[in-house]
Structures are given as C-alpha cells and as structure tokens.
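Asks: One structure coming up, written as structure tokens, with questions to follow.
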C-alpha cells in the first residue's frame, strides 16, 4: 500500500490576504475566492496536476477561514525559480524574514513568517 499527498488545507485569519500573499508574492497559482453551495465557506485554492479516471495525480492547496479555536500555523515549502526575487518581493511587502536565503545541503532555502 502506498499513499500520496493530494491536499493541504490552511485555516487562516484572513483568506483574501493569504490568497494575495501566495499568488502575488510567492507565485502560487491561487484562484479567486469561491464557494460551493449556500452553506459553504468562501475559500481559494491552487491546483497542480489533474484528477483523472485512474485516480488523482494532483496536489491542492486550499485556503479557508479559521474557525473559532483553530490554530492558524503551518509550515509549507515551495520550490521557486528565483529565490532572490521572491525574497525581495516578500521583504518589500513587509513579510518577516526568519532566515534569509542561504545554501543548505539540499539547495538554497529561506524561511518567512
């Protein structure tokens, strides 16, 4: 038996702010806010890959509003083609730099809050 990650759900204090952060600053292809039915929460998502007849070959990142009492912390890593450019955009937007771009054994990495 093997398992494959296909979905990550973030519960955040401000969905629109998070959507703009991932889309405009990091470069994640997050779509517009949407709902699915009258009782659905407004949310946004990004999808890589597709759902086919043979099963999922995708990864979805869903951004939903936090429910009362929900923790809103998560650690997510993205591979980007221009880490220095992303770093400059994040810094210019006032994002907290926890660890600036640096070379690690697995490649260049940075951490933001």
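Asks: Using only alpha carbon pairs under 8 Å that are at least six residues apart, calculate the relative contact order of the chain and give it in whole percent.
Replies: Result for the chain is 24 percent.
Asks: OK, next. Compute the distance from the alpha-carbon center of region 83-107 to that of region 1-75, in whole Å.
Replies: Result: 23 Å between the Cα centres.
Asks: Would you indicate which of (i) 26, 20, 13; (ii) 31, 16, 15; (iii) 36, 12, 10 is the value of semi-axes √(5λ) of the Cα gyration tensor in Å derived from the coordinates of this structure?
Replies: (i)
Asks: Further question on the same structure: Helix-derived [θ] at 222 nm for the chain: sum -39500 (n - 2.57) over DSSP H runs of at least 4, divide by residue count, nearest 500? Walk me through the numbers before you get to the answer.
Replies: Numbers: 2 runs with 16 residues, N = 113.
Estimated from H runs of four or more residues: -4000 deg cm²/dmol.
Asks: Follow-up. Can you give the FRET efficiency for residue 4 and residue 26, using 1/(1 + (r/R0)^6), R0 = 22 Å, r = Cβ-Cβ distance, to the nearest 0.05? Write out the running numbers ahead of the final one.
Replies: Values: r = 23 Å, r/R0 = 1.05.
So the FRET efficiency works out to roughly 0.40.
Asks: Calculate how many DSSP beta bridges within the chain are antiparallel, expressed in % of all such bridges and rounded to the nearest 5. Spell out each step's value before the answer.
Replies: Working: 15 of 21 bridges.
Counting DSSP beta bridges with both partners in the chain, the antiparallel share is about 70 percent.
Asks: Something else now. Please list 8-14, 47-53 highest first by mean number of surrounding beta-carbon atoms within 10 Å per residue. Present the calculation step by step, with values, prior to reporting the outcome.
Replies: Numbers: 8-14: 15.1, 47-53: 10.1.
Top of the packing list down: 8-14, 47-53.
Asks: Round to the nearest 0.05 the FRET efficiency obtained for residue 42 and residue 89 when R0 = 25 Å and r is the Cβ-Cβ distance.
Replies: Values: r = 26 Å, r/R0 = 1.03.
Efficiency for this residue pair is about 0.45.
Asks: Let me ask something else. Starting from 0.36 nm per residue, how many nanometres of slack lie between residue 79 and residue 108 once their C-alpha separation is accounted for?
Replies: Working: separation 29, 0.36 × 29 = 10.44 nm, distance 0.97 nm.
So the extension gain works out to 9.5 nm.
The numbers here are math on the coordinates, done by the rules we state, and not lab data. All values reported here derive from a predicted model rather than from experimental measurement. Don't worry about glycine lacking a Cβ; one is built from the backbone with ideal geometry, like all the others, and counts go over all protein chains shown.
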